[in-house]
Amino acid sequence: MNNPARQHPSAVLRPPVVSAALVLLVMGAAQAAEFPPPWTPETPGLHPVLQLQHTCSSNLFGLSSGAAAQAKFGDAQLSDCWSAAQAGVRYDDDGVVGRLHGHAIIGRTRYQHYHGLDYTGHDVALGYELNHTPKWNLYLGASDTATLQNLLIFQAPLSDVVRQQVLSAGGARQLYGRLDGTLDAAWIRVRNGTASQRPYDMNIAQMRAGPRYTSAAGNTLAFTLGMQQGRYPNAALQVGGTPPANYRQIDGTARFIWSDGAFWQLGGSAGYLRYRSDGLAARDFSGVIADIAVKRALTVDTTLQGALYRRLVPYNTLTTSYQVLTGALIGLSWQLNATTRLQADYRREQATYPGTPRRDHIHATDFVASYQPRPGTQLALRYALNNQTSTAANSSYSSHDLSLVLKQAF
């Protein structure tokens, strides 16, 4: 099944290993509750780990109705449940100056109705950080993951297992006083498992560099120039329609982080992005990108966060080349006691598609509860409600997702 409307992978790829220096460079809008919640064994060393997860969704593919699903791929069922089991090892030597950490995990996912989506995936990563702050710091990282394509993009019950391999490196070097220079680079390889999606395989090289000033209180002001080169090595395999084109992307962004210890933090960025497709000027676009995020400690155990953002996302179809995404997020987290944490988020977005009258309005609510009864054990529950209204035919939908996960380190 050819899918020219799938979202550009470069919009969501991130290097797997991030140093403190890189965090200051890439801090963006506040994020919705992560699930499963971030968690690592509390003691350093090598730990076998096990994760069991069961999820049910009322609208697996984000379609408007069972009739739309029947017309699209011959099955009217929108809902499904699936179970995933992962096992592997994690390692962290807990070094202060030099830190080596990584994991190797393999997993199997099985669906109750759409058995064609069953797949075996893996997640392998290794990183090293060398910290000689304030003079310099360095990180190196590599990862190899295989996971099922996002079904809200793919919208077909085909097991398109996407393999993503990343090499990343970067760090910071003191230039003068509190002024330093930062440099981060990544090389990304994306390969699709389904034959119809192989024209969208990608090779990406990206680099970001610029100066950064850090005050005595730890506040930062930085400017980064980012460059990205993307190539579709199998574009000639495209049958029907216009094959994807290699692209170049450049952006210049000013960033800041301002905080008052554990009480509040304010950060944001503003910049300009320019995207060019080789030989296809109709897919070129450019514009302003910006975000601002704030966190405020209401009490010792309660934190409020909020964000506003504007993003440009490549979104190649026959009628448009990109998506303008503007949105807002507000969230609240509670540490109820030493073992239990709750987080609730509400996100509202509008997506426009220049050159078309299409407008999408997205409302999303997330509730995540995590419970750690003992070191090395985590139980987490998530409920998510997503609602999209669109002026495009068969693009309005709503979904309810419920997921339970158990993690155990030995």
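Some notes on this structure:
- If the condition is being open to solvent by 40 Å² or more (accessible area, probe 1.4 Å) and in contact with an Asp or Glu (Cβ under 8 Å, 6 or more places away or on another chain), then segment 271-310 contributes Tyr272, Arg274, Arg276, Leu308, Arg310.
Rundown of residues vs (1) open to solvent by 30 Å² or more (accessible area, probe 1.4 Å); (2) small (Gly, Ala, Ser), yes/no style:
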residue: Gln53; (1), (2): yes, no
residue: Ser58; (1), (2): yes, yes
residue: Ala85; (1), (2): yes, yes
residue: Gly88; (1), (2): no, yes
residue: Val97; (1), (2): yes, no
residue: Ile105; (1), (2): no, no
residue: Thr109; (1), (2): no, no
residue: Val124; (1), (2): yes, no
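- Residue selected from segment 15-65 under the condition modelled with pLDDT of 90 or more and part of a loop (DSSP other than H, G, I, E, B), by the criterion farthest from Trp136 (Cα to Cα): Ser65
- Considering residues of segment 355-404 that are over 26 Å from Trp82 (Cα atoms) and within 24 Å of the chain's Cα centre (by Cα) only, the residue surrounded by the most Cβ atoms within 10 Å (Cβ to Cβ): Asp360
- Checking Leu151 against (1) closer than 30 Å to Ala217 by Cβ; (2) among the aliphatic types (A, V, I, L, M); (3) open to solvent by less than 20 Å² (accessible area, probe 1.4 Å), the condition it does not meet: (1)
- Once segment 154-179 is narrowed to residues that are outside any strand (DSSP E or B) and touching a strand residue (DSSP E or B) at 6+ places or on another chain (Cβ under 7 Å), the residue that is surrounded by the most Cβ atoms within 10 Å (Cβ to Cβ) is Asp160.
- If you go through segment 231-270 and pick out every residue that is assigned to a strand (DSSP E or B), farther than 30 Å from Tyr213 by Cβ and open to solvent by less than 30 Å² (accessible area, probe 1.4 Å), you end up with 1.
- If you check Tyr128, Tyr114 for being farther than 24 Å from Arg173 by Cα, surrounded by 16 or more Cβ atoms within 10 Å (Cβ to Cβ) and over 21 Å from the mean Cα position of the chain (by Cα), only one passes: Tyr114.
The values are calculated or read from the model by the stated rules, or taken from the named source; none is laboratory data. Note that the structure is predicted; figures quoted are calculated from it, not measured. Methodologically, a virtual Cβ is constructed for each residue, glycine included, from the backbone with ideal geometry; neighbour enumeration extends over all protein chains shown. Heads up: the accessible areas ignore ligands, DNA and RNA and are worked out on the full protein's heavy atoms, side chains in. Shrake-Rupley method; radii C 1.70, N 1.55, O 1.52, S 1.80 Å.
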